[in-house]
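To start, the structure under review is shown below, and the notes come after it.
Bear in mind that the values in this text are calculations on the coordinates, not laboratory data. What you see is a predicted model; the values in this text were computed from it and never measured. Note that each Cβ is placed from the backbone with ideal geometry, even for glycine, and that neighbours are counted across all protein chains shown.
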Amino acid sequence: MTKINPSQIDGTPIEELPLSKLIQPAEDILAASGLSTLLQRLVYTEKEKSFFLEFSNIMPSGEIRPLFPDFKKEKLLKSSWKKIFVEIILTNQGVRFNLKGHYFKSPVPIDLDFTILQGQKEYKEDSIKIFDRRIEKTYQTSFKEIMETKMKTGDLKYTKATEVYGELTIQKIIKIFNRFLKDWTLKHRIIERN
Amino acid sequence: MQKLAGPVEGGFSSRESKVAIHELAIMGAPLIENLESDFTIHIALGKKSRSFLKLADIPTIPIEISIPEIDVKKYRMDGWKYASINLQVESDKVNMKIMGRFGSEVDYVDIDSKFTRMITGDTAEDQIKITIDPREEKHQMISVLDIMNIRLKSGDPKYARFSDEYPKLDVEAVIAMLTRYLKDFLRSLQQPAPEQAPPANGGIN
């Protein structure tokens with residue numbers, strides 16, 4: 001049986017690549033499997049790990065070669081994630097990266113839904129939804145907004161000046177998002193009165 | 001990255017679209033060995049239908065397994081409100097569980113079936129529980145084999161296809177047979193019970 005390394009492309013770990021580098025391999029994987037869409041989902045809870053391959057209406061007619069970063073549980077679940085779903089969806093229109101789950105930094109429990117759709121050239125979708133369980137309210141933002149957030153000094157708050165929107169590696173995207181979440185939960189410790 | 005051959009280029013081993021249930025254990029053996037764990041094929045029939053593989057980890061071999069194709073639209077039209085088909089693929093057997101609801105909003109039955117095929121083709125378990133009224137725990141127990149053996153007066157199978165053979169049944173064949181049986185079963189429940197002839201003594205004891 002052929003061995004594959006699902007977490008690398010030409011020797012480079014996937015998490016060290018920008019999403020744009022997954023476009024061509026995604027097309028190859030879909031062509032080989034006979035699928036038009038392949039949803040890959042890694043689920044980490046504090047107790048369990050599962051990996052899902054989900055199909056839409058078309059069933060695979062060829063071999064499926066997963067393409068997924070080798071995320072270590074400790075690394076992914078650090079910084080207050082209680083349950084995390086990482087999804088990489090391969091389609092002929094692009095590659096979608098989703099980060100969903102439950103995050104709890106006392107006393108703030110939130111559910112997250114972060115999605116980026118990498119098209120052939122640029123991000124076609126970029127959305128972040130934060131649901132505060134205490135007040136059942138959803139806040140919306142985007143990764144672009146997070147990257148552009150500045151401090152009073154005028155310096156970027158969550159990113160470095162050298163980091164360019166649309167060209168970040170998966171690892172960096174997660175790092176910036178975690179930095180933002182830590183700050184967000186800190187700011188929302190006290191529930192604002194309407 | 002190495003360019004992969006697509007199905008039309010013959011880069012994969014061609015497979016039958018219908019695979020006998022026990023053969024899924026044979027096809028899944030390399031994946032079980034690679035993951036050092038069983039895996040599940042899940043097919044959901046409902047408003048939002050989907051099929052997926054649930055694995056214990058990310059495999060390091062290409063996955064070559066046939067996912068049973070179920071015509072969701074057809075089965076929904078036939079009467080399934082929703083159903084989940086779970087195939088737990090183990091090294092020596094495949095456990096198939098079908099759970100769902102069949103019928104209309106008002107008249108329906110709930111299905112809970114277990115069908116276990118050993119890799120050798122032997123059947124370890126075959127039972128279908130049809131719950132008619134959950135409040136009264138009114139249910140009927142039957143099996144796939146029982147349904148297959150029901151025949152018309154002509155001797156032809158009533159619910160099975162002529163091509164169906166019990167040891168070689170595939171997932172779709174079981175669902176199709178069960179659907180045909182449930183249609184009739186539900187119809188029989190909807191028919192009013194025949195009026196009882198009055199007792200000879202006029203009902204006076």
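List A:Asp183, A:Asp10 from most exposed to least, where exposure is judged by having the fewest other Cβ atoms within 10 Å.
A:Asp10, A:Asp183
Using alpha carbon centroids, what distance separates the range A:6-69 and the range B:64-82, in Å?
Spelled out, the Cα-based centre of one part sits 25 Å from the other.
Show me the GluC sites (Glu not before Pro) within the range A:34-72 that DSSP assigns to loop and that have at most 10 other Cβ atoms within 10 Å of their Cβ.
Sparse-neighbourhood loop GluC sites (Glu not before Pro): A:Glu46, A:Glu48.
Put +1 on the Cβ of each Lys and Arg and -1 on the Cβ of each Asp and Glu in the protein assembly as shown; which of A:Phe180, B:Pro157, A:Leu76 then has its Cα farthest toward the positive end of the dipole?
Checking the options against the dipole of the protein assembly as shown, the answer is A:Phe180.
Quick check: Cα centre of the range A:106-129 to Cα centre of the range B:126-179, how many Å?
Centre-to-centre (Cα) distance: 47 Å.
Please report the relative contact order for chain B, taking Cα pairs under 8 Å with a sequence separation of at least 6, and give it as a percent rounded to a whole number.
17
Out of A:Ile89, A:Ser106, A:Ser142, whose Cα points farthest toward the positive end of the dipole of the range A:19-187 (charges: +1 Lys, Arg; -1 Asp, Glu; placed on Cβ)?
Selected residue: A:Ser106.
Taking only C-alpha pairs under 8 Å that are 6+ residues apart, what is the relative contact order of the range A:128-194 in percent?
Computed over the range A:128-194, the figure is 20 percent.
Rounded if a/c is under 1.5, else prolate if a/b is larger than b/c, else oblate: which is the range B:107-179, with a ≥ b ≥ c the root eigenvalues of its Cα gyration tensor?
Taking the square roots of the gyration eigenvalues as a ≥ b ≥ c, the range B:107-179 is oblate.
How many Cβ atoms of partner chains, on average, are near each residue of A:3-14 if near means within 10 Å of its Cβ?
Per residue, the number of nearby Cβ atoms from other chains is 2 on average.
For chain B, rounded, prolate or oblate, judged on the Cα gyration tensor with a ≥ b ≥ c (square roots of eigenvalues), a/c < 1.5 rounded, else prolate if a/b > b/c?
Taking the square roots of the gyration eigenvalues as a ≥ b ≥ c, chain B is prolate.
Using just the helices of chain A, give the 222 nm mean residue ellipticity in deg cm²/dmol: DSSP H runs with n ≥ 4 each add -39,500 (n - 2.57), and the total is spread over all residues, rounded to 500.
Calculated from helices alone, the mean residue ellipticity at 222 nm is -6000 deg cm²/dmol.
Take every Cα pair under 8 Å in the range A:19-187 that's 6+ residues apart, average their separations, divide by the length, and report that relative contact order as a whole percent.
17
Averaged over A:42-53, how many beta carbons belonging to a partner chain fall within 10 Å of each residue's beta carbon?
For this peptide, the per-residue mean of nearby foreign Cβ atoms is 3.
Two decimals is fine: what is log10 I(q)/I(0) at q = 0.09 Å⁻¹ for the range A:19-187, from a Debye sum with one equal scatterer on every Cα and no solvent?
-0.33
What order do you get for B:Ser154, A:Ser79, B:Ser51 when you list them from fewest to most C-beta neighbours inside 10 Å?
The fewest-first ordering by Cβ neighbours comes to B:Ser154, A:Ser79, B:Ser51.
Based on other C-beta atoms within 10 Å, arrange B:Trp80, A:Trp81 from fewest to most.
With the fewest neighbours first, B:Trp80, A:Trp81 line up as A:Trp81, B:Trp80.
Give the residue list of trypsin sites (Lys or Arg not before Pro) in the range A:1-74 that are DSSP loop and have at most 16 other beta-carbon atoms within 10 angstrom.
In loop regions of the range A:1-74 (DSSP not H, G, I, E or B), the sparsely surrounded trypsin sites (Lys or Arg not before Pro) are A:Lys3, A:Lys47, A:Lys72.
Using alpha carbon coordinates only, what is the Rg to Rh ratio of the protein assembly as shown, with Rh defined as the Kirkwood radius?
That ratio equals 1.08.
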